[in-house]
Amino acid sequence: MAKIDAFFKLMHEQGASDLHLVSGQQPALRVRGDMERIKYDVLDSDSLRAMLYEITPEEKVKTFEETGDVDFGYEIPGLARYRANFFMQKYGVAAVFREIPSEIASCEQLGLPTVIAKLATLPRGLILVTGPTGSGKSTTLAAIIDVANGTRKDHIITVEDPIEFVHKSRNCIINHREVGIHTKSFSAALRGALREDPDIILVGEMRDLETISLAIEAASTGHLVFGTLHTSSAAKTVDRVIEVFPSTEQEQIRSTLADSIRAVITQTLFKRIDKKGRCPALEILIATPAVRNLIREHKTHQLNSMMQTGKKYGMVVLDDSIMTLYNKGWISAEAAYQKANDKKHFRPLLKAPPTDFTEA
């Protein structure tokens, strides 16, 4: 057993999402969103490096030594998988590990609306799951892919950096590909996927023009494509996808995106105050014909209104979802205010509303 495995077992026992190991500091866990120190000696760079290298593939050690950054996956059978990131900082080496449960939670267990599971039944199109880092995008996508795995008879290809949730093939054939090990890049994997007879493609991160372009192309040529972006609302997601392209191509991409988009899910996580755990607030945009027309006609600023009137399709605005969680007594007024897009609706909930310099 590697020395570092003891930290992973503690992490699992405490229900932590992340483990932080930093030279010059005590180890720390992120538990329900908050950092908590572990009662342990301050780590020095040399001993921490030795501990980390014990579990690191040789080629990843070489990459880290050359660049000062590296990502990879690590698994303890019977416990969990971990997404590892090593980086250099002022006092030496540092590492952050995100726990990825070995058991994939269902949409029901995650408290996701029924419309989310229905997305797994779509024959084709582009579905984007967005939100800040650590908002549960990968967990939501894993739940949707699990629905497809249990109900369809298709070929699913996932492309991630690194591989996170591992699905066992049930009704579907599932192939997991890791950037840097099984393929050179997201774009190379997507280009190859179009020749690998896929029905569903999951792109772990749509981070550049070529990847986004290929994802839209795959969605518009008969595949169901899932991807992630770091955006804070459905309207901003649509704008972000279009703005990645040169201005001379944006009109064409706007039309292609309008035809291929099926849904945008934006989510953020809250610490619950009624019990231990966290819960998601979601913004859901379903691409109805009216939504497609707004995208095609440069009217993404009207998508919020469309979501407010589209509840029968499962649509919801993020702030309404946050307010629902607050009214249930699950989250605090302060947390609701902090993460809301339009904060003025949440100011009356606060006993002492702050002076918000961002609204000045």
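Before moving on, here are some points about what is shown:
- Treating r as the C-beta distance of Glu59 and Gln250 and R0 as 41 Å, the FRET efficiency rounds to 0.55.
- Projecting the Cα atoms of Ser185, Ala336, Tyr74 onto the charge dipole of the chain (Cβ charges, centred on the Cα centre) puts Ala336 farthest toward the positive pole.
- Label zone at Arg32 (point 7 Å along Cα-to-Cβ), backbone N below 19 Å, region 271-292: 271-281
- Positive-end residue, the chain charge dipole about Cα centroid, Cβ charges, pick of Leu126, Ser45, Thr56: Leu126
- Of Leu350, Leu303, Leu48, the one that fluctuates the most in a GNM where the chain has Cα springs shorter than 10 Å: Leu350
- Computed packing ranks the peptides 81-88, 202-209 as 202-209, 81-88, most packed first, by mean other Cβ atoms within 10 Å.
- Rh (Kirkwood; distinct C-alpha pairs) - region 225-360, Å: 16.3 Å
- Per-residue ellipticity at 222 nm, computed for the chain from helices alone with -39500 (n - 2.57) per DSSP H run of at least four residues, works out to -10000 deg cm²/dmol.
- Region 202-255 and region 124-188: distance between their alpha carbon centers, rounded to Å: 17 Å
- When peptides 41-47, 304-310 are ranked by their average number of other Cβ atoms within 10 Å per residue, the highest-first order is 304-310, 41-47.
- Theoretical FRET efficiency, 1/(1+(r/R0)^6), r = Cβ-Cβ of Leu350 and Thr133, R0 30 Å, to 0.05: 0.70
- Here the Kirkwood formula puts the hydrodynamic radius of the chain at 21.8 Å, using every distinct Cα pair.
- If you plug the beta carbon distance of Lys184 and Lys312 into 1/(1 + (r/R0)^6) with R0 = 51 Å, you get a FRET efficiency near 0.70.
- Looking at the chain, the DSSP beta bridges with both ends there are about 60 percent antiparallel.
- Note on Glu297 and Ala6: the extension gain reaches 99.2 nm, defined as 0.36 nm multiplied by sequence separation minus the Cα-Cα distance.
- Aspartates and glutamates with Cα under 19 Å of Lys328, excluding same-chain neighbours fewer than 8 positions away: Glu108, Asp274, Glu283, Asp319, Asp320
- Whichever lysines have a C-alpha closer than 26 Å to that of Lys90, once near sequence neighbours (fewer than 8 apart) are set aside: Lys3, Lys39, Lys60, Lys62
- Simple Cβ-charge dipole of the chain, Lys/Arg +1 and Asp/Glu -1, about Cα centre, in debye nearest 20: 1280 debye
Any read-out appearing in this document is the output of simple, stated calculations on the displayed coordinates, not a laboratory observation. Owing to the predicted nature of the structure, the values given are computational and were not obtained by experimental measurement. Reconstructed Cβ throughout: ideal geometry from the backbone, glycine too, with neighbour counts over all protein chains shown.
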